[in-house]
Amino acid sequence: MATRSVIAIRESNRIIGVYCHWDGDIGHNGKILLENYSDETKLRKLIENGCISSLRKRIGTKHDFNNPPKDETTFYHRDRGDNLSVLSWKDENEMVEDMYDCDYFYLWDNGQWLVSEGKGFMTLEGCFE
(Lines give C-alpha, C1' and ligand atoms only; values in the text may rest on other atoms or scores of the structure.)
Protein backbone atom coordinates (compact mmCIF):
# COMPACT_ATOMS: atom_id res chain seq x y z
CA MET A 1 0.00 0.00 0.00
CA ALA A 2 1.24 3.48 -0.90
CA THR A 3 2.07 6.15 1.65
CA ARG A 4 1.21 9.22 -0.38
CA SER A 5 2.80 12.61 0.18
CA VAL A 6 3.13 16.13 -1.17
CA ILE A 7 6.50 17.83 -1.65
CA ALA A 8 6.15 21.60 -1.94
CA ILE A 9 7.85 24.96 -1.68
CA ARG A 10 6.39 28.25 -0.49
CA GLU A 11 6.77 31.14 -2.90
CA SER A 12 5.82 34.75 -2.16
CA ASN A 13 2.16 34.39 -3.12
CA ARG A 14 1.55 30.65 -3.48
CA ILE A 15 2.77 27.14 -2.81
CA ILE A 16 3.88 24.91 -5.67
CA GLY A 17 4.52 21.22 -5.36
CA VAL A 18 4.11 17.68 -6.53
CA TYR A 19 2.40 14.48 -5.47
CA CYS A 20 4.59 11.50 -4.53
CA HIS A 21 3.00 8.06 -4.52
CA TRP A 22 5.36 5.74 -2.63
CA ASP A 23 7.12 5.81 0.75
CA GLY A 24 5.91 9.23 1.92
CA ASP A 25 6.56 8.62 5.62
CA ILE A 26 9.05 10.71 7.59
CA GLY A 27 11.56 7.86 7.88
CA HIS A 28 11.84 7.59 4.09
CA ASN A 29 10.77 10.66 2.10
CA GLY A 30 11.29 12.97 5.06
CA LYS A 31 14.84 11.75 5.56
CA ILE A 32 15.63 11.92 1.84
CA LEU A 33 14.30 15.48 1.58
CA LEU A 34 16.20 16.65 4.65
CA GLU A 35 19.49 15.05 3.57
CA ASN A 36 19.34 15.58 -0.21
CA TYR A 37 16.91 18.37 -1.10
CA SER A 38 17.61 21.11 1.45
CA ASP A 39 19.06 23.21 -1.36
CA GLU A 40 16.32 25.36 -2.92
CA THR A 41 17.78 25.14 -6.44
CA LYS A 42 17.87 21.34 -6.32
CA LEU A 43 14.37 21.20 -4.81
CA ARG A 44 13.00 23.42 -7.60
CA LYS A 45 14.56 21.07 -10.19
CA LEU A 46 12.84 18.14 -8.46
CA ILE A 47 9.46 19.90 -8.55
CA GLU A 48 9.91 21.02 -12.19
CA ASN A 49 9.89 17.35 -13.21
CA GLY A 50 6.32 16.96 -11.95
CA CYS A 51 4.63 14.33 -9.85
CA ILE A 52 6.73 11.48 -8.50
CA SER A 53 6.28 7.75 -8.24
CA SER A 54 9.31 7.14 -5.97
CA LEU A 55 11.56 9.76 -4.38
CA ARG A 56 15.24 8.87 -4.17
CA LYS A 57 18.52 10.62 -3.28
CA ARG A 58 19.15 11.89 -6.80
CA ILE A 59 16.89 13.42 -9.45
CA GLY A 60 18.75 11.32 -12.00
CA THR A 61 18.03 11.05 -15.71
CA LYS A 62 15.28 9.55 -17.87
CA HIS A 63 15.01 5.82 -17.24
CA ASP A 64 12.68 2.83 -17.56
CA PHE A 65 9.75 3.57 -15.24
CA ASN A 66 9.58 -0.07 -14.12
CA ASN A 67 13.33 -0.56 -13.73
CA PRO A 68 14.85 2.57 -12.18
CA PRO A 69 18.55 2.89 -11.41
CA LYS A 70 19.44 2.74 -7.73
CA ASP A 71 18.98 6.05 -5.89
CA GLU A 72 17.31 7.84 -8.86
CA THR A 73 13.88 9.44 -8.49
CA THR A 74 11.15 8.08 -10.76
CA PHE A 75 8.80 10.68 -12.28
CA TYR A 76 5.50 10.04 -14.03
CA HIS A 77 6.18 12.59 -16.78
CA ARG A 78 9.86 12.08 -17.49
CA ASP A 79 10.02 8.32 -17.05
CA ARG A 80 6.54 7.11 -18.07
CA GLY A 81 5.44 9.83 -20.49
CA ASP A 82 2.42 11.09 -18.52
CA ASN A 83 1.38 14.74 -18.79
CA LEU A 84 3.54 17.08 -16.71
CA SER A 85 1.80 17.94 -13.46
CA VAL A 86 3.04 20.63 -11.06
CA LEU A 87 0.42 21.70 -8.54
CA SER A 88 -0.28 25.12 -7.05
CA TRP A 89 -2.20 26.31 -3.98
CA LYS A 90 -2.79 29.69 -2.34
CA ASP A 91 -1.66 28.41 1.09
CA GLU A 92 -0.99 25.27 3.14
CA ASN A 93 -4.66 24.92 4.16
CA GLU A 94 -5.75 24.75 0.52
CA MET A 95 -2.92 22.28 -0.20
CA VAL A 96 -3.98 19.92 2.61
CA GLU A 97 -7.66 20.21 1.68
CA ASP A 98 -6.99 19.62 -2.03
CA MET A 99 -4.67 16.67 -1.38
CA TYR A 100 -6.80 15.17 1.41
CA ASP A 101 -5.87 11.60 0.49
CA CYS A 102 -2.17 12.19 1.17
CA ASP A 103 -0.63 11.02 4.43
CA TYR A 104 2.26 13.51 4.69
CA PHE A 105 2.89 17.05 3.53
CA TYR A 106 6.44 18.37 3.18
CA LEU A 107 6.83 22.12 2.77
CA TRP A 108 10.08 24.02 2.19
CA ASP A 109 9.51 27.37 3.87
CA ASN A 110 12.08 30.08 4.66
CA GLY A 111 15.06 27.75 4.31
CA GLN A 112 13.74 24.80 6.31
CA TRP A 113 11.61 21.72 5.86
CA LEU A 114 8.25 21.53 7.61
CA VAL A 115 6.09 18.41 7.80
CA SER A 116 2.44 17.72 8.54
CA GLU A 117 0.14 14.75 8.71
CA GLY A 118 -2.71 17.09 7.79
CA LYS A 119 -3.07 19.11 10.99
CA GLY A 120 -0.45 21.76 11.66
CA PHE A 121 3.17 21.80 10.55
CA MET A 122 6.35 21.21 12.55
CA THR A 123 10.01 21.26 11.59
CA LEU A 124 11.11 18.09 9.84
CA GLU A 125 14.53 18.26 11.45
CA GLY A 126 12.86 18.01 14.87
CA CYS A 127 11.49 14.59 13.92
CA PHE A 128 15.04 13.19 13.90
CA GLU A 129 16.35 14.64 17.18
- Message: Using a Gaussian network model on the chain with a 10 Å cutoff between Cα atoms, which of I52, I32, I16 fluctuates the most?
- Response: I32
- Under 16 Å Cα-Cα from K119, which aspartates and glutamates qualify once same-chain neighbours fewer than 8 residues away are excluded? D25, D91, E92, E94, E97, D98, D101, D103
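State to the nearest 20 debye the size of the charge dipole of the range 26-84 about its Cα centre, where the only charges are +1 on K and R beta carbons and -1 on D and E beta carbons. Before the final figure, lay out the partial values.
Values: 11 positive and 9 negative charges, 17 e Å.
About 80 debye.
Mind checking the full-extension length gain between D103 and E11? Use 0.36 nm per residue of separation minus the Cα-Cα distance, one decimal, nm.
Here the segment from D103 to E11 would lengthen by 30.9 nm.
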- Compare the Cα positions of V18, Y106, N49 along the charge dipole of the chain (+1 at Cβ of Lys, Arg; -1 at Cβ of Asp, Glu; about the Cα centre) and return the one farthest towards the positive end. N49
- Query: Toward the positive end of the charge dipole of the range 64-129, about the Cα centre and with charges on Cβ (Lys, Arg +1; Asp, Glu -1), which of C127, N93, N83 goes farthest?
  - Reply: N83
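I'd like the per residue volume of the convex hull spanned by the Cα atoms of the range 1-64, given in cubic angstrom. Mind dumping the intermediate values first?
Numbers: hull volume 5.6 nm³, N = 64.
Output value, Cα hull per residue: 88 Å³.
Enter the accessible area per residue of the chain (Å², integer; probe 1.4 Å; all protein chains in place). Let's see the in-between values first.
On the way: 7030 Å² over 129 residues.
Here the per-residue accessible area is 54 Å².
Taking the Cα centre of the range 27-129 as the origin, how large is its charge dipole in debye, to the nearest 20, when only Lys and Arg (+1) and Asp and Glu (-1) carry charge on their Cβ atoms?
On the way: 13 positive and 20 negative charges, 119 e Å.
In debye, rounded to 20, the range 27-129 gives about 580.
Rounded to a whole number, what % of the accessible area of the chain do carbon and sulfur atoms account for, probe 1.4 Å? All intermediate terms of the calculation are to be shown ahead of the outcome.
Details: 3050 of 7030 Å².
Of the solvent-accessible surface of the chain, carbon and sulfur hold 43 percent.
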- Rounded to whole Å, sorted largest first: equivalent-ellipsoid semi-axes of the range 59-129, Cα gyration tensor: 27, 17, 11
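Ignoring everything except DSSP H segments at least 4 long, calculate the 222 nm mean residue ellipticity for the chain; use -39,500 (n - 2.57) per segment, divide by total residues, nearest 500.
Details: 4 runs with 27 residues, N = 129.
It lands at -5000 deg cm²/dmol.
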- Accessible area (Å², 1.4 Å probe, nearest 10) - S53: 10 Å²
- Task: Throw me the Rg/Rh for the chain, computed over C-alpha atoms with Kirkwood Rh, two decimals.
- Result: 0.93
- Most to least accessible of R10, R58 (protein chains only, probe 1.4 Å): R58, R10
- Item | Estimated vicinal HN-Hα couplings, Hz - the range 94-103 in sequence order (Karplus 6.51, -1.76, 1.60; Gly, Pro = x) | 5, 4, 5, 5, 5, 9, 4, 8, 8, 8
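Between C127 and K90, what is the FRET efficiency for a Förster distance of 22 Å, r being their Cβ-Cβ separation, to the nearest 0.05? Mind dumping the intermediate values first?
Numbers: r = 26 Å, r/R0 = 1.20.
Efficiency at R0 = 22 Å is approximately 0.25.
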- Counting Lys +1, Arg +1, Asp -1, Glu -1, what net charge surrounds M122 among other residues with beta carbon under 12 Å of its beta carbon? -3
- Task: Give the ranking of V86, V115 by solvent-accessible surface, highest area first, calculated with a 1.4 Å probe.
- Result: V86, V115
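From the protein chains alone at 1.4 Å, what is the descending order of accessible area for T123, T61, largest first? Before the final figure, lay out the partial values.
Working: T123 60, T61 90 Å².
Final ranking, largest accessible area leading: T61, T123.
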- Query: How far is it, in nm, from the label point at K119 to the one at R80 when both lie 7 Å from their Cα along the line to the Cβ?
  - Reply: 3.2 nm
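The values are calculated or read from the model by the stated rules, or taken from the named source; none is laboratory data. Being a predicted model, the structure only gives us computed values, none of them experimental. Counting neighbours? That spans all protein chains shown, and the Cβs are built from the backbone with ideal geometry, glycine included. Ligands, DNA and RNA are stripped out before the accessible areas are found, and what is left, the full protein with its side chains, is counted by its heavy atoms. Shrake-Rupley method; radii C 1.70, N 1.55, O 1.52, S 1.80 Å.
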